[in-house]
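Structure, as C-alpha cells:
Read the figures in this text as sums done on the coordinates, not as results from a lab. Bear in mind that the values here come from a model prediction, so they are computed numbers and not experimental data. Cβ atoms come from the backbone with ideal geometry, glycine included; neighbour counts cover every protein chain shown.
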Amino acid sequence: MALREIVKVGDEVLRKVSREVTVIDDRIRVLLDDMADTMYFENRGVGLAAPQVGVLKRIFVVDIGDGTGIHEFINPAISDMKGSVMSTEGCLSVPGKSGEVERPEELTIRALDRNGNPFELHATGFMAICICHENDHLDGILFIDKVRGTLDSN
Ligand code: NI
C-alpha cells in the first residue's frame with residue numbers, strides 16, 4: 001500500500017478516455033489499495049478515479065463516509081438514471097475550486113469487484129452524485145466542464 005501522486009487539472013491524462021480492465025490481477029488490487037490510501041490521505045476525498053493517479057483504466061473508488069466503507073468499481077456501467085439534483089462539487093484534481101453541478105437523483109451501476117465478480121448497486125443521493133463524478137473521470141470529463149454558474153474558489 002502506498003500513496004500515489006494526484007494528477008492535477010491541466011495534465012492531458014485527465015482528458016483521455018480510460019480503457020476497460022481485461023485482467024483483474026494483483027496489480028489491479030494493489031492499484032485499488034493505493035487509490036484508497038491516496039483518497040483517505042486527502043481528508044476531503046470521497047472518491048478517486050484511476051486517471052487521477054495517472055492510470056488510464058476504468059476503475060474508481062468511493063467512500064462517502066456513511067459507514068458503508070469503500071466501494072470499488074471496475075469497468076462500471078451506469079443505467080436507469082432518474083431525477084435531477086444540483087449540488088456543490090469539488091475534485092482532488094482541481095484543488096481549491098467548487099461549483100454547482102446537476103446530477104441524477106438515483107441510478108443503477110453494474111461493475112466488477114476486485115475478484116472479478118460482477119455486482120449491481122442502486123445508488124441515491126450523495127452516493128449517486130459521487131458515482132457520476134468519478135465515472136466522468138473515466139471519459140476524460142471533469143466537474144468543471146459541467147458547472148452551472150461560477151466556479152468558486154474555496
Ligand atoms: Ni474528481
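For Arg19, the residues whose modelled amide H falls within less than 5 Å of its own, excluding neighbours fewer than 5 places apart on the same chain, are Lys57, Arg58. For Lys82, the lysines whose Cα falls under 19 Å of its own Cα, not counting residues fewer than eight places away in the same chain, are Lys146. The fraction of all Cα pairs in the chain landing in successive 10 Å bins from 0 to the largest distance is 11, 43, 38, 7, 0, given as whole percents. With unit charges on the beta carbon (Lys/Arg positive, Asp/Glu negative), name the residue among Pro76, Pro51, Asn115 whose Cα is farthest towards the positive pole of the charge dipole of the stretch 12-153. Of Pro76, Pro51, Asn115, it is Pro51. Listed by chain and number, the aspartates and glutamates whose alpha-carbon sits under 13 Å from that of Lys97, ignoring those within fewer than 8 places in the same chain, are Glu89, Asp145, Asp152. Taking amide H atoms as placed 1.01 Å from N in the peptide plane, the amide H of Val85 lies under 5 Å from those of Arg103, Glu105, each 5 or more residues away in sequence or on another chain.
List the relative contact order of the stretch 12-153 as a percent without decimals, with contacts defined as Cα pairs under 8 Å and 6+ residues apart.
Across the stretch 12-153, relative contact order equals 26 percent.
Near Thr88, once Lys and Arg are set to +1 and Asp and Glu to -1 for all other residues with Cβ below 9 Å from its Cβ, the sum equals -3. Working note: 222 nm ellipticity from helices only, DSSP H runs with n ≥ 4, each -39,500 (n - 2.57), summed and divided by the residues of the chain, gives -6000 deg cm²/dmol to the nearest 500. When the Cα centres of the stretch 82-151 and the stretch 1-24 are compared, how far apart do they sit, in Å? With the stretch 82-151 and the stretch 1-24 each reduced to a Cα centre, they are spaced 16 Å. When each of the peptides 21-31, 121-131 is scored by how many other beta carbons lie within 10 Å of its residues on average, the order from highest to lowest is 121-131, 21-31. Peptides 12-19, 106-113 ranked from most to least packed by the mean count of surrounding Cβ atoms within 10 Å: 106-113, 12-19.
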